[in-house]
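Data first, discussion second: the structure below is written as C-alpha cells.
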Amino acid sequence: MKSIFGFGIPAALLSCTFSLAGVLMLAPGQLSAQTTTPSAQPGQTQRTQDEAAARKELAREQLRRQEHQRILGVIPEFNTFNETNAAALSAKEKFSLALKTAVDPATFLTAAITAGFGQATDSYHDYGQGMQGFGKYMGASYADSFDGTLLGNALFPALLHEDPRYFRKGTGTFKSRFAYSVLTTVRCRSDSGKWVPNFGNLMGNLAAGGIANLYYPEEDRGATLTVERALVVTAEGALGSLFYEFWPDLVRKVHKKKP
C-alpha cells in the first residue's frame, strides 16, 4: 500500500498476511497415513481412494463455478454457494477463494468509495485532505477489507476446519430464511458438513479490528474500539448475507413485472 497510497503500515500487514497465506496454501491440505495390515481389503482401499479423488474434483469444479458468480455482472459473489451436495474445500482452496475476492477490482472500488465518504465527513481528522489524505483513507479502508477477508474467510476457517462460504437456503418462509441468513454470522458449516459455531468469522473480525490499531489515528485505537469495529463488521456481514439470500428473489420479481 505504501507505493500506491503513501501509507506504510497496511502494506506491511498485507505482506505478513500474504506470507501466512502462502505457508498454508503450500502445506498439504489433507494427508492421511495409509497403514497396511493383514486384514486390509485392497478393493475397499481402492474405492476409498477413488471416492476421495472424486470428492476433490467435485470441490474444484464447484469452486470454478463460484469464481464466476457476480451480481449485476460487477459485485463478486464468489463466497455464495447455490448448489446442493457441497464438497469440502482444502486450505489452499479457501485461501484461493478469499484472495480472489480481496484483489477483485470491485473490492478496490468499494474501498475508494468508503475512503471518499470518510474524507468528505472528516472521519479521521489526522489523515488530512487532498490526495495524500485520500491515500491514507484508501489504505486504511482496503487494509480493513483485506485483513478481514484473509483472516475470517481463509486463515481461521482453514485452522478450525470450517467452511467460509454462505450456503444459500433459497426455500421456505421469509421469516425462516431471514433468521437463517442472520445466524450465519455466528454459525457455519464445518468441513464435515455439520453446523458449528462460526468462530472463524468472529475471530477474523476481532483480529482485523486489532490490526487496525496499528494504522488508525491514535484517538481511534484501543480495546473498546477494537471490539466495536468487530461488532460493526459482524453486523455488516449479516446484512450482506441477507442480500445474497434474497437477491435472486428480487431479480425474479422484477423480471415478472416486465411487459
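Would it be correct to say that Phe78 is closer than 19 Å to Asp147 by Cα and outside any helix (DSSP H, G or I)? First the steps, then the outcome.
Working: closer than 19 Å to Asp147 by Cα: yes; outside any helix (DSSP H, G or I): yes.
In short, yes.
Considering only residues that are touching a residue at least 40 places away in the same chain (Cβ under 8 Å) and among the charged types (D, E, K, R), look in segment 183-217 and name the one that is nearest to Leu160 (Cα to Cα).
Among them, the one singled out is Asp191.
Any chance you could count how many residues in segment 82-116 are within 19 Å of Arg189 (Cβ to Cβ) and of a type in the set (Lys, Arg)? Steps first, answer last, please.
At the first step, the residues of segment 82-116 found to be within 19 Å of Arg189 (Cβ to Cβ) are 82-98, 101.
Filter again for of a type in the set (Lys, Arg), leaving 92, 94.
So the count comes out to 2.
Out of all the residues in segment 118-126, is one or more of a type in the set (Asp, Glu) and at positive phi?
Our first condition is that a residue be of a type in the set (Asp, Glu); within segment 118-126, this holds for 122, 126.
Narrowing further to those that are at positive phi: 122.
Looking through segment 118-126, at least one residue is of a type in the set (Asp, Glu) and at positive phi.
Just to be sure, is Gly135 assigned to a helix (DSSP H, G or I), over 30 Å from Pro197 (Cα atoms) and free of Cβ contacts under 8 Å to residues at least 40 places away in the same chain? Steps first, please.
On the way: assigned to a helix (DSSP H, G or I): yes; over 30 Å from Pro197 (Cα atoms): yes; free of Cβ contacts under 8 Å to residues at least 40 places away in the same chain: no.
Answer is no for this residue.
State whether one or more residues within segment 177-193 are of a type in the set (Phe, Trp, Tyr), under 16 Å from the mean Cα position of the chain (by Cα) and assigned to a helix (DSSP H, G or I). So that I can check it myself, show each step before the final result.
Here is the first cut: in segment 177-193, the residues of a type in the set (Phe, Trp, Tyr) are 178, 180.
Now drop any that are not under 16 Å from the mean Cα position of the chain (by Cα), which leaves none.
The answer is no; no qualifying residue exists.
If I go through segment 194-208 residue by residue, how many of them are assigned to a loop (DSSP other than H, G, I, E, B) and either farther than 29 Å from Ala143 by Cβ or acidic (Asp, Glu) (or both)?
1
Just to be sure I understand the filter: pairs with C-beta atoms under 7 Å, separated by 6 or more residues or on different chains, first member in segment 142-166 and free of Cβ contacts under 8 Å to residues at least 40 places away in the same chain and within 19 Å of Ser181 (Cα to Cα), second member surrounded by fewer than 24 Cβ atoms within 10 Å (Cβ to Cβ) and of a type in the set (S, T, N, Q). Which pairs pass?
Pairs found: Glu162/Ser190.
Checking the structure you have, find out if any residue of segment 228-235 is surrounded by fewer than 19 Cβ atoms within 10 Å (Cβ to Cβ), within 23 Å of His125 (Cβ to Cβ) and of a type in the set (Val, Ile, Thr).
Scanning segment 228-235, I find at least one residue that is surrounded by fewer than 19 Cβ atoms within 10 Å (Cβ to Cβ), within 23 Å of His125 (Cβ to Cβ) and of a type in the set (Val, Ile, Thr), so the answer is yes.
Which residue pairs have Cβ atoms under 7 Å apart, sit 6 or more places apart or on different chains, and have a first residue in segment 43-59 that is of a type in the set (A, V, I, L, M) and a second that is surrounded by 11 or more Cβ atoms within 10 Å (Cβ to Cβ)?
Matching pairs, first to second residue: Leu58/Ala87; Ala59/Ala87; Ala59/Ala88; Ala59/Leu89; Ala59/Glu93.
Values quoted throughout were computed directly from the atomic coordinates according to the rules given, and no laboratory measurement underlies them. Given the structure is predicted, the values throughout are model-derived calculations rather than measurements. FYI the Cβ positions are ideal-geometry reconstructions off the backbone, even for glycines, and counts take in every protein chain you see.
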